[in-house]
Amino acid sequence: MAVRQFLNGYLWRISALGQGITPLLRGDMIRWPVCHGAGVARRHATSRAIVPPVEVSMKDRPEFSRPLAVRRIGANGTEITVEATEAECRAVAARLRLPQIDMLRCRYHLREQGRGVVEAQGALAARFMQTCVVSLESFEDMIAGSFVVRFVPAEHFVESDLPDMDAVDEIPYEGQDIDLGEAVVEQFALELDPYPHAPDIDLPPGLVMDEDSAEDPLVRDEGAQRPHPFAALSRWNGGKA
């Protein structure tokens, strides 16, 4: 739940790039060097499935939607792979303001926990283009990692006033279906680097907050004076690794 609450703020920070952003810690996902042909294994057993795109009204569906009926999961759980089509990749890229997404895929292990609650363990893989905040040129990037979320019927969902960043993210849903595609997009958005930069370019000192600074109560204090993160860019002429 806490991560979902953070998502809204994170997306705002992405959309506000160039207008003012507070320093953020980097995500926990692994950023691999680009290697064409790498990806998540496809199904190889009868217990696995690949969810195809669904035909619904564009105004009623997210950019990448893969609804799944909870009753299909079964008592022993199931594994399902979802992958965005080229058109969906373009739509998600526009939503997240990325130049391009070449691949967005997730392999799920789903387990029903009773009362309509579904735990989803996901293995996310994405290959996409980013815009360097220093050179303003596009470069290719790749993310691969795992996450856990919990789908909860809307009538049982309770949003806490005190976010717990260590708690499993809970996603409310209506009806009998959960949307595995939209969950992938939200997780992907969370893991995007707020200060993307090409591999051969160094960020100026002070632009990204380190863990020690994040734990400093003076830094966390909203009333404390903080240097504007883009002030470092304005004073910096650029650099190569």
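Could you pull out the residue among Ala123, Ala94 that is touching a Ser or Thr at 6+ places or on another chain (Cβ under 9 Å) and of a type in the set (Gly, Ala, Ser)?
Ala123
Report, by residue number, each residue of region 134-168 that is assigned to a strand (DSSP E or B), small (Gly, Ala, Ser) and without any contact (Cβ under 8 Å) to a residue 60 or more places away in the chain.
Those that are assigned to a strand (DSSP E or B), small (Gly, Ala, Ser) and without any contact (Cβ under 8 Å) to a residue 60 or more places away in the chain: Ser138, Ser146.
When you look at Pro172, is it within 22 Å of Ala69 (Cβ to Cβ), touching a helix residue (DSSP H, G or I) at 6+ places or on another chain (Cβ under 7 Å) and modelled with pLDDT of 85 or more, yes or no? Reasoning before the result, please.
On the way: within 22 Å of Ala69 (Cβ to Cβ): yes; touching a helix residue (DSSP H, G or I) at 6+ places or on another chain (Cβ under 7 Å): yes; modelled with pLDDT of 85 or more: yes.
Answer is yes for this residue.
Taking region 89-100, which residues are in contact (Cβ under 8 Å) with a residue 60 or more places away in the chain, in a helix (DSSP H, G or I) and not β-branched (Val, Ile, Thr)?
Arg95, Leu96
What residue, of His156, His109, is at pLDDT 95 or above and either closer than 20 Å to Asp177 by Cα or surrounded by 14 or more Cβ atoms within 10 Å (Cβ to Cβ) (or both)?
When all the criteria are applied, what remains is His109.
Inspect region 174-186 for any residue being in a strand (DSSP E or B) and among the aliphatic types (A, V, I, L, M) and give the result as yes or no. Outline the logic, then answer.
Start the filter on region 174-186 by keeping residues that are in a strand (DSSP E or B), which leaves 177-179.
Now narrow it down to the ones that are among the aliphatic types (A, V, I, L, M): 178.
Within region 174-186, one or more residues are in a strand (DSSP E or B) and among the aliphatic types (A, V, I, L, M).
Condition check ((1) assigned to a loop (DSSP other than H, G, I, E, B); (2) modelled with pLDDT of 80 or more) across all residues:
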{"site": "Arg43", "(1), (2)": "yes, no"}
{"site": "Pro52", "(1), (2)": "yes, no"}
{"site": "Asn76", "(1), (2)": "yes, yes"}
{"site": "Val82", "(1), (2)": "no, yes"}
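Would you point out which residue out of Ala126, Ala167 is modelled with pLDDT under 95 and small (Gly, Ala, Ser)?
From the options Ala126, Ala167, the qualifying one is Ala167.
Starting from residues that are within 24 Å of Ser138 (Cα to Cα) and among the charged types (D, E, K, R), keep the ones in region 66-101 and report whichever is surrounded by the most Cβ atoms within 10 Å (Cβ to Cβ).
Only one residue tops the list, namely Glu83.
The values are calculated or read from the model by the stated rules, or taken from the named source; none is laboratory data. Note that the structure is a prediction, hence the values are computed from the model and not measured. No Cβ is skipped: glycine too gets one built from the backbone with ideal geometry, and neighbour counts run over all protein chains shown.
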